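The next block holds one structure in the form of structure tokens; read it before the comments.
The values are calculated or read from the model by the stated rules, or taken from the named source; none is laboratory data. Predicted model, so just to flag it, every value in this text is computed and none were measured. Cβ coordinates were reconstructed from backbone atoms using ideal geometry, including for glycine residues, and neighbour counts include every protein chain displayed.
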Amino acid sequence: RHHTMKIAILGSGYVGIVTGIGFAELGHEIVFIDVDERKVEMLNSSKPPIYERGLEELMKKNRGKYRATTDYREALESSELTFICVGTPSKGDGSIDLKYAESASKEIGKALKNNDNFHVVVVKSTVVPGTTEDKIKPIIEKESGKKAFEDFGLAMNPEFLREGNAVYDFFNPDRIVIGVKDERTKSVLEELYKPFDCPKLITEIKTAEMIKYASNAFLATKISFANEIGNICKKLRIDVYKVFEGVGLDHRINPSFFRAGIGFGGSCFPKDVRALIRKSEELGENPKILKAVMEVNERQPLKMIELLKKHIPNLRGKKIGVLGLAFKPDTDDVRESRAIPIVKALLEEGAEIIAYDPKAIENFRKFFPQVEYANSAEDVITKSDAVLIVTEWKEFEELDYSGKIVIDGRRVEKAMKEAKIYKGVCW
Ligand code: UDX
């Protein structure tokens, strides 16, 4: 049997919680740290503060193997390893905001001051290359009076969890990337990740940081590329889905992440691509591909409005149905959802909106209280002059679209067959 580790999780967002509960399931002892008392209380009563498939069951099952607290000092002093899982949001200019990572580092430094054990600090938050060694390390060293890689360990270990599949992804990763410098930290992390049967890549710390950005930027590029080819296909009356079926059969390319439509949203892709753009500009580079990826992604949702206006030239006073508000199906998350620019544009055109989403209405309402929210997708269809499909929820495959004008941003086959007037955004 493996050695049970005492692990602190600093930052109880979706990455922190899934990682912590995952390691609890593998037999480790977890303490979650968060400034948000509501989250701490929920975790302590085995209630997930976020919705993530399979998480609640896993929390109930492992109750007793984890606890949560707002007390940094006590939690860090009683553990051997800390994962930094705080958010790294965008600043106004797109660059990465490290304020949470920096204050976490300060707290860790303070807690390590009187701690004579070799404590391992692992950065899991997505941070631009160089951050762990140039920003986090000096803060911990200054506050603790100790030396990294000698008195305490420091490593960078990015996560590749998809929202909605995060629990599955935790236990079934394609790879594990560990950026380390000192041997002791390396062996602690190798031991921790021993139960996982997948390629494990040991790299320099800044290389691990870059792997995360390059992965997300590549996936975002795949989507914008599919959308660009889709826009050309539409003019040529070619089915872009067939095209990428053919393209994806090349083993060097792979078929996934080629679903053309209105582009990517979520808490990672837009933020990470922007942060990488800013970082490379800071270094005197002009990252043309990355900029184009974002440009295509910003233009793509507005194509829905263009198509709609071909059939209803004046949207003033017209009732437009919006199906789907979450940035993707099976989540209540609306961060950077393509529904945001679409609803904004519709409101600017003077349209009335009736919207529905199985999970994300409450989150969306905070941004757009003036929108009418329906109780069901059927309601949206009956009460609107035209329907826009923005998120491909499974239940939208079951609806009756006959007699409607439908502008589809996500390729719902049923709508394609039944709608009176059907327009796919790039097919
Ligand atoms: C992503 C990465 O997949 C994950 O590895 C990383 O750690 C965090 O970011 P997530 O944000 O949960 O995960 O969403 P994902 O399922 O990857 O989808 C992102 C966006 O791309 C969604 O808005 C989705 O609709 C869009 N998308 C995805 C497409 O438009 N076409 C595709 O083919 C795939």
*Search region 115-164 for residues being free of Cβ contacts under 8 Å to residues at least 24 places away in the same chain and assigned to a loop (DSSP other than H, G, I, E, B), and hand back the single one that is farthest from the ligand (Cβ to nearest atom).*
Asp116
_I'd like the full set of residues that are within 16 Å of the ligand (Cβ to nearest atom) and of a type in the set (Val, Ile, Thr), limited to region 245-296._
Val247, Ile253, Ile262, Val273, Val293, Val296
_Which pairs turn up if I take residues in region 323-350 that are more than 16 Å from Lys271 (Cα to Cα) and look for partners that are among the charged types (D, E, K, R) and more than 15 Å from the ligand (Cβ to nearest atom) with beta carbon separation below 6 Å, at least 6 apart in sequence or on another chain?_
Gly350/Arg316
*Residues located in region 217-233, provided they are within 19 Å of Pro129 (Cβ to Cβ) and either of a type in the set (Gly, Ala, Ser) or in the same structural domain as Gly22 (by TED's automatic domain parsing) (or both)*: Ala217, Ala220
*Among Leu76, Leu58, which is the only one that is more than 16 Å from the ligand (Cβ to nearest atom), at pLDDT below 95, in contact with an Asp or Glu (Cβ under 9 Å, 6 or more places away or on another chain) and hydrophobic (A, V, I, L, M, F, W, C)?*
Leu76
*When residues of region 1-55 are filtered for being of a type in the set (Lys, Arg) and either within 24 Å of Leu189 (Cβ to Cβ) or touching a strand residue (DSSP E or B) at 6+ places or on another chain (Cβ under 8 Å) (or both), how many remain?*
3
_Just to confirm my filter: which strands (runs of 3 or more DSSP E) fall fully inside region 9-93 and include at least 1 residues that are farther than 27 Å from Ala275 by Cβ?_
29-33, 66-69
_Which numbered condition Gln370 fails, given (1) in a helix (DSSP H, G or I); (2) over 30 Å from Asn165 (Cα atoms)_ = (1)
_Hits in region 319-330 (condition: part of a loop (DSSP other than H, G, I, E, B) and surrounded by fewer than 24 Cβ atoms within 10 Å (Cβ to Cβ))_ = Lys328, Pro329, Asp330
*Those residues of region 166-194 which are part of a loop (DSSP other than H, G, I, E, B) and not aromatic (Phe, Trp, Tyr), in sequence order*: Asn172, Pro173, Asp174, Arg175, Val180, Lys181, Asp182, Lys194
*Kindly indicate whether any position in region 216-225 is in contact with a Ser or Thr (Cβ under 8 Å, 6 or more places away or on another chain) and among the β-branched types (Val, Ile, Thr).*
no
_Going residue by residue through region 304-318, is there one that turns out to be assigned to a loop (DSSP other than H, G, I, E, B) and among the acidic types (Asp, Glu)?_
no
